[in-house]
1. Checking the structure you have, find out if any residue of the range 37-47 is loosely packed, with under 13 Cβ neighbours inside 10 Å, modelled with pLDDT of 90 or more, out of contact with any helix residue (DSSP H, G or I) (no Cβ under 7 Å at 6 or more places or on another chain) and part of a helix (DSSP H, G or I).
2. What pairs come up if the first residue lies in the range 21-41 and is under 14 Å from GLY110 (Cα atoms), the second is of a type in the set (A, V, I, L, M) and open to solvent by 60 Å² or more (accessible area, probe 1.4 Å), and their beta carbons are under 6 Å apart, counting only those six or more places apart or on different chains?
3. Between a residue in the range 8-20 that is within 15 Å of GLY112 (Cα to Cα) and any residue that is modelled with pLDDT under 90 and assigned to a helix (DSSP H, G or I), which pairs come within a Cβ distance under 8 Å, given they are 6 or more apart or on different chains?
4. Out of GLU62, GLU71, GLU101, I need the residue that is modelled with pLDDT of 95 or more, in contact with a helix residue (DSSP H, G or I) (Cβ under 7 Å, 6 or more places away or on another chain) and among the acidic types (Asp, Glu). Which one?
5. Does at least one position in the range 41-58 carry a residue that is closer than 29 Å to SER100 by Cα and more than 18 Å from the chain's Cα centre (by Cα)?
6. Which pairs turn up if I take residues in the range 107-121 that are over 18 Å from ILE14 (Cα atoms) and look for partners that are among the small types (Gly, Ala, Ser) with beta carbon separation below 7 Å, at least 6 apart in sequence or on another chain?
7. Residue check, ASP53 against (1) at pLDDT 95 or above; (2) not in a helix (DSSP H, G or I), all met but one. Which one?
8. What single numbered condition from (1) more than 21 Å from ALA114 (Cα to Cα); (2) touching a residue at least 60 places away in the same chain (Cβ under 8 Å) fails to hold for SER2?
Amino acid sequence: MSKLDELDHRLGEIRDELSKLGDEEYSRKYELHAERDRLRAEAAEFQKDLDLDRPSSELIAELKQHRKQLETIESKYINVAEQLDSGFGLAGERSGPGDSEWINANITEGTGRAGIEARIAHLEAVLKERGHL
């Protein structure tokens, strides 16, 4: 198993552990989030080194895939302006524009958007350096 595979495996374990924890288990969640963030950073650095040896065609294909991921994430966001114009709020406890922003922030966090954007930026930089963008 490669180092990247090991990191990916542990990140999957953390995701599973987080999904099983109750709302009141703050300290364990904090520990897991901290480990997850550290492992994500380590995996990103490891991947950057590997990218230097990958052909541009692979990098371009990966870039397209990540851009599609970003489009999918963006399609999940609640358009606060549309929600206000419609006269209808969200049902239940969360119903105002601030709550829509809260939901959108959770979508961003839960989908790993920041990591995807960082990966896109890295791939674009490598491809620009090679003269492919």
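1. Within the range 37-47, one or more residues are loosely packed, with under 13 Cβ neighbours inside 10 Å, modelled with pLDDT of 90 or more, out of contact with any helix residue (DSSP H, G or I) (no Cβ under 7 Å at 6 or more places or on another chain) and part of a helix (DSSP H, G or I).
2. Within 6 Å, no pair qualifies.
3. Pairs found: ASP8/ALA43; LEU11/ARG40; LEU11/ALA43.
4. Values: GLU71 fails: in contact with a helix residue (DSSP H, G or I) (Cβ under 7 Å, 6 or more places away or on another chain); GLU101 fails: modelled with pLDDT of 95 or more.
The conditions single out GLU62.
5. No.
6. Pairs that qualify, where the first residue is over 18 Å from ILE14 (Cα atoms) and the partner is among the small types (Gly, Ala, Ser), are ALA118/ALA44.
7. If we test ASP53 against (1) at pLDDT 95 or above; (2) not in a helix (DSSP H, G or I), just (1) comes out false.
8. Condition (2) is where SER2 drops out.
The values are calculated or read from the model by the stated rules, or taken from the named source; none is laboratory data. These numbers were taken from a predicted model, which means no experiment stands behind them. Every residue, glycine as well, gets a Cβ built from its backbone with ideal geometry; the counts of neighbours run over all protein chains shown. Quick note on the areas: whole protein, heavy atoms, side chains included, nothing else; ligands and nucleic acids left out. Shrake-Rupley method; radii C 1.70, N 1.55, O 1.52, S 1.80 Å.
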